[in-house]
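Each reported figure results from applying straightforward, stated rules to the coordinates on display, with no laboratory input. These figures come from a predicted structure and were not determined experimentally. Note that each Cβ is placed from the backbone with ideal geometry, even for glycine, and that neighbours are counted across all protein chains shown.
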Amino acid sequence: MRKVEIIWFYLFITPWLVGFLALTVYPMIASAYYSLTDYSVLSPPRWVGFSNYVELFHDPLFWHSVYVTAIYAVCTVFIHLTLGLFAALLLNLRVPGMRLLRTVYYLPNVLPVASASMLWIFLFLPKYGLIDSILHQVLGVDGPEWLSDPNWALPALIIMSAWSIGSAMIIFLAGLQSIPAELYEAAEIDGASSFSKLFRITIPMLTPQILLNLILGLIGALQTFVQAYMMTQGGPDYSTYLYSLYIYQNAFQSFHMGMASAQAWVLFVVVLSLTAVIFKTSARWVYYGGLDF
């Protein structure tokens, strides 16, 4: 009976295994090999060892893309954590129509990123866009050129990131609904204020969800591509030249596939290292309700 169950088990997971090997494992092995070669797609790869990595670290554009991506990642992760938590706190209230509001808040995450990018291009139009119209009518000021101004293009992409706080909000909302009501009741008996309950009960009990959103948000921000590609093409003056856009241009515009593979592996190592550091330090600030991990 056990052998039969094992056979059926592997039979049912075979489609996933085939897809995993063909679409994940093989591409990773191939990219690791190509990162050590001079490969232009149109000609056979030529072995060059670690020359791509040496050249990459001496490229000023590489360090500029790292700098831009770091700023974008830090800002967007902070926005997703703070606004996602704030939205979850509001949507956790028991008032009529709350289910509809939750759906509305999460709806932007369902829309394709390309479609959302096109929408935000119109929102950021100078003078005639909705954002500039609101600034002019409400505050009496003229908005900047946004996507055409090197000083405002990256902030515009960061502002757009607040559009997709729905995923973080849902995770926080699930965490809020799992907090025992007895904790708040005991705090109210002791005379705790709403401020005290937030910072001494709610946030400590939400640290597992904060950890999850932090890791997911960081990984997503470091791999952001579509917004910069469709809205600014990395400009103006390389102000939105994100690292993923740098990889794309080397791979599919300049056909330096070997260099692009090296860039991708650098990104993989950075994401893996940051995730490992966050997990390693999480034992100091994440509370799992008395469970040890």
- Determine ³J(HN,Hα), in whole Hz, for all residues of the range 44-50 in sequence, where each value follows from phi through the Karplus function 6.51 cos²θ - 1.76 cosθ + 1.60 and θ = phi - 60°; x replaces Gly and Pro. x, x, 10, 5, 10, x, 8
- Query: Sorted from fewest to most neighbouring beta carbons within 10 Å, what does the list THR24, THR275 look like?
  - Reply: THR24, THR275
- Message: Out of the trypsin sites (Lys or Arg not before Pro) in the range 83-132, which ones are loop residues according to DSSP with at most 11 other C-beta atoms within 10 Å?
- Response: ARG94, LYS127
- Item | Simple Cβ-charge dipole of the chain, Lys/Arg +1 and Asp/Glu -1, about Cα centre, in debye nearest 20 | 720 debye
- Message: Taking 8 Å as the Cα distance limit and 6 or more residues as the minimum spacing, I'd like the relative contact order of the range 134-293 as a percentage.
- Response: 24 percent
- Message: Taking amide H atoms as placed 1.01 Å from N in the peptide plane, list the residues 5 or more away in sequence, or in a different chain, whose amide H sits under 5 Å from that of THR37.
- Response: VAL48
- Which of the helices in the chain, when you take each full DSSP H run, stretch at least 24 Å along the axis at their Cα atoms and have an average Kyte-Doolittle score of 1.6 or higher? 60-91, 257-281
- For semi-axes √(5λ) of the Cα gyration tensor in Å the list reads (1) 38, 31, 19; (2) 30, 28, 18; (3) 26, 24, 21; the calculated value is entry (1)
- Item | Relative contact order [Cα under 8 Å, 6+ residues apart], the chain, whole percent | 28 percent
